[in-house]
Each structure stands twice: as C-alpha cells, then as structure tokens.
Amino acid sequence: RRAREKATMAAQRKLQQEIDKVLKKIKEGVDVFDNLWEQMQASEYQNQREKFESELKKEIKKLQRFRDQVKTWQASSDVKDKKPLLEARKSVEREMERFKAAEREGKTKAFSKEGLIKAASLDPKSKARQEVRDWMNSTVDKLNSQIDELEAELE
C-alpha cells in the first residue's frame, strides 16, 4: 500500500514538473509572439511584414500545440490546481485572436473596398510620411522646372 502511495506521489510530482515546463514554454512563446508582433507592426515594407507574419504563424502553431496539452490537463482529474492552466490557455487564445486579425488584415486586397477604406484612414505616422513625400516631390518638380528655365535662358 505504501509503495502504491509513493508511486502515486512520484507520478503527481512528475506531472506537475511537466505542467510547469509547458506553462513556462507558453509564457516564453507569448513573449516571442509579442516581440514578433511589435516588429511586424513597426515594419514599413510589405516583404518584411510577410516575413514576420510567417514567423508569427510558426509561433502560433507551437502555442496551439501547448494549448491542446493544457486542455487535456484541464479535463484530467489528476490535476488539482487548474487556475494556472486556465490563465495559460486564455493567453494563448488571445494571441490566436490577434494573429487571426493580422492574417485577415494581410489578406485585404489593396484595391478592394476594404483596402481602399483602409488606405483612406492611414495612421498618423503614415499620413505624416505621405505629406513629407508629397512636399519633397513637389519641391523637386519646382527645382526641375527652374533648371529648365535657366537652361533655356543660357541657350
């Protein structure tokens, strides 16, 4: 009887160690996801955004595998304290929602109705960048026409 109790306790300890390891990996995965998310949001070029999106996809797949393991443990009667499991699962599901939204945004065609509406409502940073770009282009045009006028006078 004592041997069985010891074996049960050893199994419980081993299970708890495994749970702790997965919870730690989930936390690290969420941190990596957040970092990639920030980089993707800050990137200006489409090819960079696509690269970050593909890295996000890899990371979200890993998190989903951990989430499936957590769901299994939540359903198990061997696990007593399920609160950390619930929190980890919710954090993974939050990142899944963010990824889904980013994927949807990435698939919006540039000249579709949504794409045109989105382009019309640029964020302030992009708007400022566009204004500077327009000013530079008009200034270059003015300088080119002045050069043309001066060259014509010289001839």
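Determine which member of the set SER112, SER54 is modelled with pLDDT of 85 or more, out of contact with any Gly (no Cβ under 6 Å at 6 or more places or on another chain) and among the hydroxyl-bearing types (Ser, Thr, Tyr).
SER54
Can you run down the residue pairs with Cβ atoms below 8 Å, 6 or more apart or on separate chains, where the first is in the stretch 1-19 and more than 14 Å from VAL79 (Cβ to Cβ) and the partner is among the polar types (S, T, N, Q) and in a helix (DSSP H, G or I)?
none
Show the residue pairs meeting these rules: Cβ distance below 8 Å; 6+ apart or different chains; first residue within the stretch 128-147 and surrounded by 10 or more Cβ atoms within 10 Å (Cβ to Cβ); second residue among the aliphatic types (A, V, I, L, M).
Note: pairs meeting the criteria are GLN130/LEU122.
Of the conditions (1) touching a helix residue (DSSP H, G or I) at 6+ places or on another chain (Cβ under 8 Å); (2) closer than 28 Å to ARG129 by Cβ; (3) free of Cβ contacts under 8 Å to residues at least 60 places away in the same chain, TRP37 fails just one. Which one is it?
Among (1) touching a helix residue (DSSP H, G or I) at 6+ places or on another chain (Cβ under 8 Å); (2) closer than 28 Å to ARG129 by Cβ; (3) free of Cβ contacts under 8 Å to residues at least 60 places away in the same chain, TRP37 violates only (3).
The values are calculated or read from the model by the stated rules, or taken from the named source; none is laboratory data. Quantities reported herein were computed from a predicted structural model and do not represent experimental measurements. Neighbour counts run over all protein chains shown; Cβ positions are idealised from the backbone, glycine included.
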